[in-house]
Amino acid sequence: MNSKYRSSKILSSLAGIFSHSTHINLKVISDLAINNGEWVASGNDPAFSLEGKIYNGWNEISWYSESDEFIPLKLYWNNGSGFSEANSVIFSMIPKGKMRYNTIFFIPEDAMELRLDPGERASRFILKDLKFKKVTKLNILINSLSTIFKQRGLSFSNIKAIFKKSILVIKGQGIKGLWQKVKQIGGINQNNVLNDYVIWIEKHTLSDNEKMTALAVIEDFKYKPLISVILPVYNVDEVWLRKCIDSVRNQLYPYWELCVSDDASKKEHIKTVLSEYEILDDRIRVVFREENGHISDSSNSALDIALGEYIALLDHDDEMSVDALYEVAKLINRHPDADMIYSDEDKIGVDGVRHSPFFKPDWSPDLLLTHMYTCHLGVYRKSIVDKVGRFRKGVEGSQDFDLALRVTEQTSSIYHIPKILYHWRTIPESTASGSGAKNYTHFAGLTAVNDTLKRRNINGWIEELDGYANFYRVHYNVESEPLVSIIIPTKDNSTILSNCLDSIYKTTKYNNYEIIIVDNGSKEAETFRLFSVWKKKLANKINILTVNTPFNFSELNNKAVSVAKGELFLFLNNDIEVIEENWLNDMIGAALREEIGAVGAYLIYPDNTVQHSGLTLGLGVQRAAGDGHHHRPINDPGYFGALISVKNVSAVTAACLMVKRSVFEEIGGFDEELSVAYNDVDLCLSIRKAGYLNIWLPYVQLIHHESKTRGYDNTNSKLERLNREADYLKDKWGETLNSDVYYNPNLSLDHGYSIRV
C-alpha cells in the first residue's frame, strides 16, 4: 500500500467518524438546461458530472427534488478507464411530487469521478441541495437495528431474537455473512444501493386512474368468480385484525366473501371486532369455534362456510394489496383452467413500511419440495382442496405448505402472478419475523415433505440444513447402477487434466462409470504420458478419442457420444475437481427421474465464491444467459435461499452436466453451430422444449478452475466470436431468452437478483 493511498484511507475513515458532509455541484454534460430553477432534459442522454469532495466508501446522499413523474437516477463511476455501463447502477430516483430524499450508497474504492444521469428521455424536474455525507459501517449497523425495531417493535424478546440470529449467522456464514445480513436488513441490496424497493413501490403503486381502469375491466369480465378468503383467527391484536379485514374490504374486485373462523380466542376484543364487521358487510361471515383446535381445524371450519369456486388464504395479521383479487380474477379469465395461483409477496412492519420483497419464479416443482416458496398470496380451486382432504392435522405451522404439495399432485394448471399482492406482517408472533433456529413450523414442514415422498413413492431421503429453518433437500437414491459415460474434452495442460482424473478416481464412491477423454490436438509429450498412466490404471474404463479438428466444443462432445456406452452422459470440463464422494450418486438419482432432463451442479471457484448456480436466460451484457449469483461467497444462502435450494432452472453449464442418453438423442445433441459459447444453454432449451425439467443441485459441489485450458474471452477475436454466438442463440430462441420462467420480470438483467427499477 503506497503512502498516498494510505493517507487517502485515513482521511476517508476520519471523514466517516465525523460524518463529514459536502455540498455537490451539478455540472451539465449533455441534454440538460436550467430554466427558472428547473432542469429541462431535452434528449435521451441527460447527464451531470458531480463536482465537490466525495469520499470513496459508504456515503449518505441527500437532495431536494420536485417532479410530476418518476425519474430514475443512474450513477456512473470512472475508475480510470472512462465511464461505462459496467460501472453503473440505478441507485435512487426522483419521485413524484416534492420531497427531501436520502439514500445510502457505496462508492467503489477505485472511483475517480462520478456522473449522474436523470432518466433517459425528455423531462422536467427540480434537483438541488445535493449533499454527500461520509458514513461508517457502524452507522449502517445502527440503521439496521433501528429498522428491525421499527418493523417488529422494541422489546426484550426481539433483542434476544436478534442476538440468537446473529450468532447463528456468524456460525454458518462468518463475519462477512453477518455484514451481508446487516446490509440486507438495512435495505441495502447486493449492488450496495439503499431503498431500491422504495423506488420500485413508487413506480408500481396504482394511481387513481389505474384503479378506475381496473374497475372498468372488472365490469367487462366474462367470468366473475366468487373468491372465498379463508381467515383463521386466534388472539391477534385488534390493530392487526382490523388492518387485515380492511385490506379485504378495500379490494377493487367486489366478488368475494370473507370466511372467518375464530379458534376459541381468549382475548375479548376478537368477538367484538368480528361481530362488528359481520354486521357492517354481508360478505363477511364468521364461525366462532367453541374449542381451540389449532390452525388446520380452524381453517377447515372457515372452509365449511365457503361458497366460492376459489379460496384465497389470508393470515390474521397480514394484508392483501388493493388489487390482489382483481389480479387473480383477471388471470382466471385468461386461464380458466387455473387450479392454483400464487403471487409475489413482501413484508410489512409494525410501522407500516413495506420491505423484503420476494419476487418468485414461475412454477418450479423441485423448489416447492425444498421450501414453501409459493406461499402468499395462495389461491386454490376449492373442489381440488376438498378432493385432497383440506387442511391436515399434524402439520400445523406448515399447513399451507402441506396443502400446496398435495394440490400440485392433482394438477399441472399452476399459475404465477409476478406482482406483489400480499404483505406479510413482521411482528414477534409471526413466522414472517423469521429465525434460523428450527421450530415447530420446521418440523411440521419436514413431516409434510416426508409424507409427500411416501405418497409419490419416491425412494429418497431428506436433508435438513443447519441454520436454515423450513428448508429441506430431497436426495434421490439410485435403485440400479447404470453406466455413466464421463466425457472430458481436453488439449494438453496435463496438470489440470491429471487433477481432474485423480479427483474422480480417488473421491468418487460410485464405481460404474467410463471416462472418454476427447483429445483435441494435444502436442505435449507429458499429455500422452498421462494418457498412458490412466490407461493402465483404468484399463477398459477409459477411452482416449482423438479428434484433430479446430476446436468446437459441441462437435467434440457429439463425437464422444457416438462411442459412449453409458445410459447416462456426464459432460465434464477438464478443469473440474471432485471434492466429495457422493456427487455422482446424487446426480444419477436426479437424472434418472422420468421428468428430468439436464442436471447441473454447484461449481465453485478455488477462492470459495460461486461460479455456477444455474443459468438465467437474458442475464448479462450479451443478454443471452448468465449466473445471477456469480462471485458471491459460497456461504451466502442466495436470493431467498436460492443457493441452498434444489431448484428447476432453464439451463445449466456443460462444465458439469448430466443427461440421459435417451433425452440427449431425442433432441439431437449439441448444436455444432455453437462452437464455444452457449451450446449448453441451447442444449438445455431444447431439452425443455421437449417437455423435460432441468434441475440444479446445491449439494453437488465441485471446484471449477474455469478457463485454464482455453483462456478467457478477453481478446477481440474471442469477444467477436462470443457476440456472434450470442446473436445466433437469440435468433434461434427469440423471445424465450427475454422471459426466463425461473427468473422474475421484476428482477434486473444487468445485476443478478437485484430489483429492476
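The values are calculated or read from the model by the stated rules, or taken from the named source; none is laboratory data. Just so it is clear, the structure is predicted and the values come from calculations on it, not from any experiment. Because the Cβ atoms are built from the backbone with ideal geometry, glycine has one as well, and the counts that use them run over all protein chains shown. Accessible surface areas use protein heavy atoms only, side chains included; no ligands, DNA or RNA. Shrake-Rupley method; radii C 1.70, N 1.55, O 1.52, S 1.80 Å.
The residues neighbouring Asp282, those whose beta-carbon lies less than 14 Å from its own, together hold a net charge of -1 under the Lys/Arg +1, Asp/Glu -1 convention. Which residues does the label zone of Asp502 cover in region 556-582, counting backbone N under 17 Å from a point 7 Å along Cα→Cβ? From region 556-582, the list is 574-580. In the context of the full set of protein chains, residues of region 306-458 present 32 Å² of accessible surface per residue (probe radius 1.4 Å, heavy atoms only). A protection proxy built from the mean count of other Cβ atoms within 10 Å ranks the segments 597-603, 283-289, most packed first, as 597-603, 283-289. Calculated accessible area for region 462-541 comes out at 46 Å² per residue, all protein chains present (probe 1.4 Å; ligands, DNA, RNA ignored). Sorting Phe132, Phe443 by solvent-accessible area of protein heavy atoms yields Phe443, Phe132, largest first, with a 1.4 Å probe. Between the listed residues Asn520, Tyr505, Gly80, the Cα displaced farthest toward the positive end of the dipole of the chain, a dipole computed from Cβ unit charges relative to the Cα centre, is found at Gly80.
Counting protein heavy atoms only, region 548-643 has 50 percent of its accessible area on carbon and sulfur, 1.4 angstrom probe. Between the amide H of Tyr513 and those of Val484, distances stay under 5 Å, these residues lying 5 or more places away or on another chain, with hydrogens modeled in the peptide plane.
About its Cα centre, the dipole of region 443-509 is roughly 160 debye, where the only charges are +1 on Lys and Arg Cβ and -1 on Asp and Glu Cβ.
For region 83-91, the Karplus equation 6.51 cos²θ - 1.76 cosθ + 1.60, evaluated at θ = phi - 60°, returns couplings of 7, 8, 5, 5, 10, 7, 7, 6, 9 Hz by residue, with Gly and Pro reported as x. Within the assembled protein chains, the solvent-accessible surface assigned to Lys387 is about 150 Å², based on a 1.4 Å probe.
Assuming charge only on the beta carbon of Lys and Arg (+1) and of Asp and Glu (-1), the dipole of region 325-376 about its Cα centre is about 120 debye to the nearest 20. Rounded to two decimals, what is the ratio between the C-alpha radius of gyration of region 270-352 and 2.2 N^0.38 Å? Here the answer is 1.28, to two decimals.
Once the other residues with Cβ under 9 Å from the Cβ of His20 are scored (Lys, Arg +1; Asp, Glu -1), what is the net sum? Local net charge: +3.
Legend: distances between Cα atoms for Lys96/Lys203; Lys536/Lys660; Lys559/Lys730; Lys222/Lys330; pairs beyond 18 Å are Lys536/Lys660; Lys559/Lys730. The charge dipole of the chain, taken about its Cα centre with unit charges on the Cβ atoms of Lys, Arg (+1), Asp and Glu (-1) only, comes to about 1880 debye. Largest to smallest in accessible area, the residues Glu268, Glu327 fall in the order Glu268, Glu327 (1.4 Å probe, all protein chains included). Of the residues Asp110, Asp575, ranked by 1.4 Å probe accessible area with the largest first, the sequence reads Asp110, Asp575. A convex hull fitted around the alpha carbon atoms of region 275-405 yields 148 Å³ per residue.
Computed log10 I(q)/I(0) for region 206-313 at 0.16, 0.17, 0.22 Å⁻¹: -0.73, -0.80, -1.17, from the Debye equation with unit scatterers placed on every C-alpha and solvent omitted.
When the listed pairs Lys211/Lys647; Lys224/Lys689; Lys27/Lys98 are checked against a 27 Å cut-off, the alpha-carbon distance exceeds it for Lys211/Lys647; Lys224/Lys689. Using the Karplus relation 6.51 cos²θ - 1.76 cosθ + 1.60 with θ = phi - 60°, the per-residue 3J(HN,Hα) values for region 68-76 come to 8, 8, 6, 10, x, 10, 10, 9, 10 Hz, with x marking Gly and Pro. Identify, among Val547, His423, Ser21, the residue whose Cα sits farthest towards the positive end of the charge dipole of the chain, taking +1 on the Cβ of Lys and Arg and -1 on the Cβ of Asp and Glu, with the dipole about the Cα centre. Going by the charge dipole, the pick is Ser21. Measuring nothing but protein heavy atoms, the accessible surface of region 333-390 at 1.4 Å probe radius is 54 percent carbon and sulfur.
The C-alpha atoms of region 351-502 occupy a region whose extents along the principal axes are 61, 40, 30 Å, arranged from largest to smallest. Entry for region 520-672 at q = 0.13 Å⁻¹: log10 I(q)/I(0) = -0.74, Debye formula applied to identical alpha-carbon scatterers, no solvent contribution. Shape index of the chain: Rg/Rh, with Rg the Cα radius of gyration and Rh the Kirkwood radius from the inverse mean 1/r over Cα pairs, equals 0.99.
If you add up the charges near Ile544, with Lys and Arg at +1 and Asp and Glu at -1, over every other residue whose beta carbon is less than 10 angstrom from its beta carbon, what do you get? Taking every other residue near Ile544 into account, the sum is 0. The lysines whose alpha-carbon is closer than 30 Å to the alpha-carbon of Lys271, local same-chain residues fewer than 8 away aside, are Lys150, Lys243, Lys347, Lys382, Lys393. Within the chain, DSSP assigns beta bridges of which about 65% are antiparallel (rounded to the nearest 5).
Relative contact order of the chain: 10 percent, from C-alpha pairs under 8 Å at least 6 residues apart in sequence.
Protein heavy-atom accessible surface, 1.4 Å probe, per residue over region 206-281: 49 Å².
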